1. Let me see the P(r) profile for segment 1-48: every Cα-Cα distance counted, bins of 5 Å, each bin given as a percent of all pairs.
2. Mind jotting down the three principal axis lengths of segment 48-168 based on Cα atoms? Whole angstrom, largest first.
3. Which three semi-axes in whole Å describe the equivalent ellipsoid of segment 119-192, each the square root of 5 times a Cα gyration tensor eigenvalue, listed largest first?
4. Principal axis extents for segment 1-100, Cα atoms only, whole Å, descending order, please.
5. Find the eigenvalues of the gyration tensor of the Cα atoms of the chain, then list the square roots of 5 times those eigenvalues as equivalent ellipsoid semi-axes, largest first, in whole angstrom.
6. Placing unit charges on C-beta atoms (Lys and Arg positive, Asp and Glu negative, everything else neutral), compute the dipole magnitude of segment 26-90 about its Cα centre in debye, rounded to 20.
7. Which value, in debye to the nearest 20, gives the size of the charge dipole of the chain about its Cα centre, when Lys and Arg are +1 and Asp and Glu are -1 at the Cβ?
8. Contact order normalised by length for the chain, with contacts defined as Cα pairs under 8 Å and 6 or more residues apart; what percent is it?
Amino acid sequence: MRVILIGPPGAGKGTQSERIMAEYPLAHISTGDILRENVKNGTELGKSAKSFMDAGKLVPDDVIIRMMKERLAKDDARKGFLLDGFPRTTPQAEALGTLLKELSLPLDAVLLLEISDDEVVNRLCNRRVCSSCGAIYNALSHPPKKDRVCDECGGEVTQRDDDKETVIRSRLSVYHEQTSPLISYYDGKGLLHRVGAAGAPDTALLYIETMKLGV
Ligand SMILES: [Zn+2]
């Protein structure tokens with residue numbers, strides 16, 4: 001099975017991916033991981049990427065695509081993959097399409113996790129994190145026993161700046177702006193599948209099983 005998972009921040013992409021990977025032997029491929037790996041191993045592509053990152057610039061698409069090409073050609077990925085967080089834009093999707101054609105690895109599906117902006121804001125605004133050990137709490141469903149004090153280590157439990165409503169809303173608007181052309185692109189190719197993500201964290205897995213995707 002070869003799938004792409006798309007969804008806004010806070011849609012639970014990480015958990016949905018884990019549930020899918022527990023049932024299917026797929027290579028989990030994310031841009032962040034392959035960037036880190038190339039930089040760590042000091043590959044030519046890694047050095048090139050690092051020069052952009054050190055200058056505070058975005059790593060250009062052609063560098064990412066070349067890393068993707070190497071990663072997708074590996075044995076585990078040839079057996080099946082789940083692309084997480086890539087592509088983000090239509091030019092990246094087009095380049096990926098060319099690449100997958102070269103490798104004879106056609107996509108089975110693009111799963112779009114759907115959740116309303118308000119639901120994402122609700123989820124993330126209530127997230128609280130221990131500033132010492134990183135333990136995660138929820139102000140409503142799982143608060144620390146003592147207000148603002150971590151159950152695990154006694155550290156201070158706070159709200160991260162990233163989890164404040166205005167920051168979340170602006171990340172969501174960037175997401176919608178970037179991905180709406182991507183969604184039409186894959187819809188036009190008949191590859192897009194919409195999966196509700198407001199409920200349980202295994203809706204994508206259940207959808208794959210019900211639709212018998214990639215079988
Ligand atoms: Zn703690």
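Every read-out reported here was derived from the displayed coordinates using simple, explicitly stated rules and does not represent laboratory data. Since the structure is predicted, the reported quantities are computational estimates derived from the model, not experimental observations. Quick reminder, even Gly has a Cβ in these numbers, built from the backbone with ideal geometry, and neighbours come from all protein chains shown.
1. Spelled out per bin, shortest first, that is 5, 17, 22, 19, 14, 15, 7, 0.
2. Between the extreme Cα coordinates on each principal axis of segment 48-168 lie 57, 35, 30 Å.
3. Working: eigenvalues 248, 29, 19 Å².
Computed over segment 119-192, the values are 35, 12, 10 Å.
4. Principal extents (largest minus smallest coordinate, Cα): 39, 31, 26 Å.
5. Details: eigenvalues 194, 100, 59 Å².
Three semi-axes, in Å: 31, 22, 17.
6. Details: 12 positive and 10 negative charges, 7 e Å.
With Lys and Arg at +1 and Asp and Glu at -1, about 40 debye.
7. On the way: 29 positive and 31 negative charges, 57 e Å.
Charge dipole, the chain, about its Cα centre: 280 debye, nearest 20.
8. Values: 293 pairs, mean separation 64.1, N = 215.
After rounding, I find 30 percent.
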